[in-house]
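**Student:** Below is a structure I'd like to ask you about.
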Amino acid sequence: MSAKPAEIAPDQEALRLAFAAPLDRARAGGAPLDRISLRDHVRDVEIGAFQQERGVTQRVRFDIVAEVVPDPDAVAGDDVDGILSYDTLIDAIGIELEAERLNLLETLAERIAARVLLHDRAARVFVRIEKLDRGPHVLGVEIVRSRAQSRVGALSDDAPRPHVVLLPPGAQDDPGLPARLDDLVARAAPVVLIATPDFAPPPVAAHPMAQRRIDLLTLEQAAWRLAARDRRCIVVDSRTELDWSMRRGGLTVWAPARLVLDATHGPADVSPRTLAQWFAAQFHALDVTGPDGILPNGSDPAI
């Protein structure tokens, strides 16, 4: 008696057919939607969770297939504005690569899929991403997402605009700190605090990247010392936590290491003043206040 063939999950079968030849799709039956595709798009990308993948680029290959709801009038009229353009797929890759450095291909695939699905005519998208330089093999992920599954809402640019406050050295031990925080809490917009280290200078390292990490760790220690003074000060380090914290109001203390190290266009240095201006530019802050008054926001993200 012959063995019964293993059943293929619907999403796996959809992925197989997405990157298969048109004849295979036709034989699968049903009424498939029209498709546009981008194949063998190779970019040099800094991505990966391992330390040896930081500070270097590797070749990453992108394949995207988008199923589209056709507009017969646009096709008949030869009107490019009525279709989903190939540039939509290429731009989705570029925008997400520029947004921030990522550890996981899975995260990058999700964000690219969500961005493609912002287009009104995109019904479903298939994304394959592969690392080409990790050994004598190809490592990759493949996903399929529909409009119903898309995280389109996560791409909206409606995050609150904060006040950024750079605290002077010694603020952590200043008897007047509680009163200062009372005034900041009373503001209508959220407040992001950046603490200045007020203890012994950090060790000196021979390599600039190692020194950058040491200096960032010093800033994070200052952030946690500030949070220990007042329970209203919540330390956060990721974009997701920052967005949540700013939406709920109150006082957010920024621990900068994660965002700075993952930035595609990081600050020129990690002095507290430069970081305050860089953060303000990244999050479209209302203003930046330092020990000497209002600082320029630093519209150049590489300030």
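**Student:** Say whether the condition of being surrounded by fewer than 17 Cβ atoms within 10 Å (Cβ to Cβ), in a helix (DSSP H, G or I) and modelled with pLDDT under 70 is met by at least one residue in the stretch 27-48.
**Tutor:** yes
**Student:** In addition: Looking only at the stretch 133-140, decide whether some residue is modelled with pLDDT under 90 and crowded, with 18+ Cβ neighbours inside 10 Å.
**Tutor:** No, the conditions are met nowhere in the stretch 133-140.
**Student:** Out of the residues in the stretch 230-254 meeting the condition of being aliphatic (A, V, I, L, M) and more than 21 Å from the chain's Cα centre (by Cα), tell me which one is surrounded by the most Cβ atoms within 10 Å (Cβ to Cβ).
**Tutor:** Checked the stretch 230-254; the qualifying residue surrounded by the most Cβ atoms within 10 Å (Cβ to Cβ) is 251.
**Student:** Here is a follow-up. So, residue 227, is that one of a type outside the set (S, T, N, Q), crowded, with 18+ Cβ neighbours inside 10 Å and at pLDDT 90 or above or not?
**Tutor:** Numbers: of a type outside the set (S, T, N, Q): yes; crowded, with 18+ Cβ neighbours inside 10 Å: yes; at pLDDT 90 or above: yes.
The answer is yes for residue 227.
**Student:** May I ask you to list the residues in the stretch 189-208 that are under 27 Å from the mean Cα position of the chain (by Cα) and exposed (fewer than 11 other Cβ atoms within 10 Å of the Cβ)?
**Tutor:** 208
**Student:** Looking at residue 10, is it at pLDDT 60 or above, over 17 Å from residue 112 (Cα atoms), out of contact with any Phe, Trp or Tyr (no Cβ under 6 Å at 6 or more places or on another chain) and surrounded by 11 or more Cβ atoms within 10 Å (Cβ to Cβ)? Break it down into steps so the answer makes sense when it comes.
**Tutor:** Details: at pLDDT 60 or above: yes; over 17 Å from residue 112 (Cα atoms): yes; out of contact with any Phe, Trp or Tyr (no Cβ under 6 Å at 6 or more places or on another chain): yes; surrounded by 11 or more Cβ atoms within 10 Å (Cβ to Cβ): no.
Answer is no for this residue.
**Student:** Which number in (1) surrounded by 10 or more Cβ atoms within 10 Å (Cβ to Cβ); (2) modelled with pLDDT under 70 marks the one condition that residue 61 misses?
**Tutor:** In the conditions (1) surrounded by 10 or more Cβ atoms within 10 Å (Cβ to Cβ); (2) modelled with pLDDT under 70, residue 61 misses (2) alone.
**Student:** Cβ-Cβ distance below 6 Å, separation of 6 or more or different chains: which pairs start in the stretch 84-98 with a residue that is touching a residue at least 24 places away in the same chain (Cβ under 8 Å) and end on one that is small (Gly, Ala, Ser)?
**Tutor:** Filtered contacts from the stretch 84-98: 84/122.
The values are calculated or read from the model by the stated rules, or taken from the named source; none is laboratory data. Because the structure is predicted, anything quoted here is derived from the model rather than measured. Heads up, the Cβs are rebuilt from the backbone with ideal geometry, glycines too, and the neighbour counts pull from every protein chain shown.
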